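Report on one structure; see the data block that follows.
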Amino acid sequence: SLFRNTKAKLDEDGDLSYGRDKWLWLGAIAFHWSFLAVLLRHFRFFAEPVPSFVWMLQSLDGIFKIGVPVLYFTGLILLASVTYLFLRRVVIPQLSYISLVADYFPLFLIMAIALSGILMRHFYKVDVVAVKELTMGLVTFRPAVPDGIGFIFFAHLFLVSALFAYFPFSKLM
């Protein structure tokens, strides 16, 4: 339905014209597909053995092998697309006028989740084995908090939990 989304524009001569909003469609599709890929990539923390589709997705996502650890493009695309969707709400006066706090909150929440995930992966190192041990404990209802997990991981986990709790009661549903 976003591809059929039309925008109204007032011409210089006072006529109202309608056009397609391809940038909104592109931003939304980039956001949704990258968010899906990031969620599927995180499945490796909740399953033992890790399914083969997760390894395949990870290798496709980090195909250019930039940096150590490998830079996953879906994380950057997710952050860029959610930033675009936020800036669109701020810059376009008509959208800014009708936007409520309920429109900005999920954008900030997803932006914070993406930022904390990128920070955790590339700048503030987290013990991935300890994270896997914690998540497997949560999945099996025997949680144990191992040492070596930093504050950034718990902030990331809190933000993700807040999004999952907010989701069913929001406009996102």
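The values are calculated or read from the model by the stated rules, or taken from the named source; none is laboratory data. Please read all numbers here as calculations on a predicted model, not as lab measurements. Note that we place each Cβ from the backbone using ideal geometry, even for glycine, and neighbour counts take in every protein chain shown. To get the accessible areas, we keep the full protein, side chains included, count just its heavy atoms, and leave off ligands, DNA and RNA. Shrake-Rupley method; radii C 1.70, N 1.55, O 1.52, S 1.80 Å.
So here's what we get for this one:
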item: Angle between the chain longest axis and helix 22-41 axis [Cα atoms, degrees, rounded to 10]; result: 10
item: Cα-based Lys proximity count in the chain, under 23 Å, for pairs eight or more positions apart or on separate chains; result: 5
item: Helix 128-139 vs. the chain, principal-axis angle (Cα, 0 to 90°, nearest 10); result: 80
item: In degrees, nearest ten, helix 101-122 long axis to first principal axis of the chain (Cα); result: 40
item: Percent carbon-and-sulfur accessible area, the stretch 122-163, ignoring ligands, DNA and RNA, probe 1.4 Å; result: 72
item: Convex hull (Cα only) mean projected area of the chain, reported in nm² to one decimal; result: 12.7
item: Quotient of Cα Rg and 2.2 N^0.38 Å for the stretch 50-135, N being how many residues it contains; result: 1.38
item: Spacing of the two label points (7 Å from each Cα toward its C-beta) at H42 and W25, in nm; result: 3.0
